[in-house]
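K.L.:
The structure that follows is given in the form of structure tokens.
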Amino acid sequence: MNKKFISFLEQHLDHKNVVAYVNTPNDVGEYTSPSVSGRVDVSSIEQVIRIVKLADQFDGETALYPYSTGYNWGLGSTKPPSDNAVQLKLTGLNKIREINIAEGYAVIEPGVTQGTLSQKLLNTHRFINVTASSAETSFLGNALDRGVGLRHQRTEDLLGLEIVLANGTLHRVGWWPEQGKHSALYSHGIGPSLVQLFTQSNLGIITGGVVRLLNRPEKSRVAYISFSPENLEYAINTFQRWSAQGLIHGVLKVYDETSTLTYGANKGEFL
């Protein structure tokens, strides 16, 4: 059925943006590759709205699977959960619509990478909650999949979202900047918060979001502590106590004997 939908899209969209294929190769995460009917390379929000409406007009049951840049390797990458989906590649939605250094937020689209956003914040007193992944990964896409930044869970950085719902209407939830009006950066708003409704869900296609910018510390230090495998339980208990007392900030990582060799630790030790 979705092969027919791909042909239908080619008739109604620029055919250069529509790619038809059946199978996709395994990515670096070695996830099982479902069959995919095709992909649309999206270049505008208006195009997202049109595709959603065309899908509804076609049969109302076509599965659309959006992804931001496709480098979210630890959380499924570009792989849809079921066969015969049509992928929407949102890399073309790559505008940084606004950066407000003073108030600490940025309005970005899903194609904006953590590398690009970090570069924009150089020589300012703000920075972002990066992950240890590639600079080419989507900040917004990773946050929506509840990725883990080096400071905290990335969902904590989401202030507001812009969504295209299944009926093709565009909505905003959470906190958004208003012209001439200053208010606290508060994602919950009044009443039930709808922001988290759209994390790890298929209730809409995210075309933009407001993300929190953090205060850059005057100094930052990373402590590397190596220990033998038999001391793992003691080490974990100690780290938990330090974390509970607020002595550790950010995400604490423990690497096994194999992984530590990459980071310069002694052979046979945990880090």
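K.L.:
Rg and Dmax of region 185-254 over Cα atoms: what are they, in angstrom?
P.N.:
18.9, 51
K.L.:
Averaging the inverse of every distinct alpha carbon separation and then flipping it gives the Kirkwood radius. What is it for region 45-119, in angstrom units?
P.N.:
Kirkwood radius, region 45-119: 14.3 Å.
K.L.:
Next question, about the same structure. Quick check on the chain: helices-only [θ] at 222 nm, where DSSP H runs of length 4 and up contribute -39,500 (n - 2.57) each and the sum goes over total residues. Nearest 500, please.
P.N.:
Theoretical 222 nm ellipticity from helices: -6000 deg cm²/dmol.
K.L.:
Suppose accessible area is computed on protein heavy atoms with a 1.4 Å probe; arrange Arg154, Arg146 from highest to lowest.
P.N.:
Result of the area sort, largest leading: Arg146, Arg154.
K.L.:
Considering only protein heavy atoms, with the full assembly of protein chains and a 1.4 angstrom probe, order Leu88, Leu144, Leu252 by accessible area, largest first.
P.N.:
These residues rank, largest area first, as Leu252, Leu144, Leu88.
K.L.:
Let a ≥ b ≥ c be the square roots of the eigenvalues of the Cα gyration tensor of the chain; is it rounded (a/c under 1.5), or, if not, prolate (a/b larger than b/c) or oblate?
P.N.:
oblate
K.L.:
When ranked by the protection proxy of mean other Cβ atoms within 10 Å per residue, highest first, what sequence do the peptides 198-209, 93-104, 179-190 form?
P.N.:
Ranking the peptides 198-209, 93-104, 179-190 by packing returns 198-209, 93-104, 179-190.
K.L.:
Any idea which of Ile99, Tyr186, Ser259 is furthest toward the positive side of the dipole for the chain, if Lys and Arg beta-carbons carry +1 and Asp and Glu beta-carbons -1?
P.N.:
With unit charges placed on the Cβ atoms, the residue in question is Ile99.
K.L.:
Under 1.5 on a/c is rounded, so check that first for region 128-264, then, if it is not, pick prolate when a/b is larger than b/c and oblate when it is not; a ≥ b ≥ c are the square roots of the alpha carbon gyration tensor eigenvalues.
P.N.:
prolate
K.L.:
Taking the Cβ of His152 as the centre, find all other residues whose Cβ is under 14 Å away and add up their charges (Lys, Arg: +1; Asp, Glu: -1).
P.N.:
Neighbour charge sum, excluding His152 itself: +3.
K.L.:
Could you check which residue among Val254, Val86, Val112 shows the biggest mean-square fluctuation in a GNM of the chain with a 10 Å Cα cutoff?
P.N.:
Result: Val254 has the largest fluctuation of those listed.
K.L.:
So what does Trp242 come to for accessible area, using a 1.4 Å probe and Å² rounded to 10?
P.N.:
Solvent-accessible area, nearest 10 Å²: 90 Å².
K.L.:
Return the Rg/Rh value of region 107-163, two decimal places, where both radii are evaluated on C-alpha atoms and Rh is the Kirkwood radius.
P.N.:
A ratio of 0.93.
K.L.:
Now for a different question. What is the calculated FRET efficiency for Ser228 to Ile96, with r their C-beta to C-beta distance and R₀ = 45 Å, to the nearest 0.05?
P.N.:
0.45
K.L.:
Efficiency by 1/(1 + (r/R0)^6): what FRET value for Thr262 and Tyr186, r their Cβ-Cβ distance, R0 = 41 Å, to the nearest 0.05?
P.N.:
With a Förster radius of 41 Å, E is 0.50.
K.L.:
Which of the three applies to region 51-95, rounded, prolate or oblate, going by the alpha-carbon gyration tensor with a ≥ b ≥ c and a/c under 1.5 meaning rounded?
P.N.:
oblate
K.L.:
Most mobile of Glu156, Glu46, Glu233 per a Gaussian network model of the chain (Cα springs, under 10 Å)?
P.N.:
Taking springs between Cα atoms under 10 Å, the residue moving most is Glu233.
K.L.:
Let me ask another. What is the sum of charges, Lys and Arg at +1 and Asp and Glu at -1, for the other residues whose Cβ falls under 11 Å from the Cβ of His249?
P.N.:
So the surrounding residues net to +2.
K.L.:
Using modelled amide H (1.01 Å from N, peptide plane; none on Pro or chain starts), what sits under 5 Å from the amide H of Thr207, excluding residues fewer than 5 places away?
P.N.:
It is Glu162, Ile163, Val164, by chain and number.
K.L.:
Mind jotting down a quarter of the surface of the convex hull over the alpha carbons of region 30-189, in square nanometres, one decimal?
P.N.:
Convex hull of Cα atoms, orientation-averaged projection: 10.3 nm².
K.L.:
Please tell me the relative contact order of the chain in percent, rounded to the nearest whole number, where contacts are Cα pairs under 8 Å and at least six residues apart.
P.N.:
15
The values are calculated or read from the model by the stated rules, or taken from the named source; none is laboratory data. Note that the coordinates shown come from a computational prediction; the quantities given were computed from them, not determined experimentally. A quick note on method: Cβ atoms are made from the backbone with ideal geometry, for glycine too, and the neighbour counts reach across all protein chains shown. Each accessible area value is taken on the protein alone, full model and side chains, heavy atoms only, with ligands, DNA and RNA left out. Shrake-Rupley method; radii C 1.70, N 1.55, O 1.52, S 1.80 Å.
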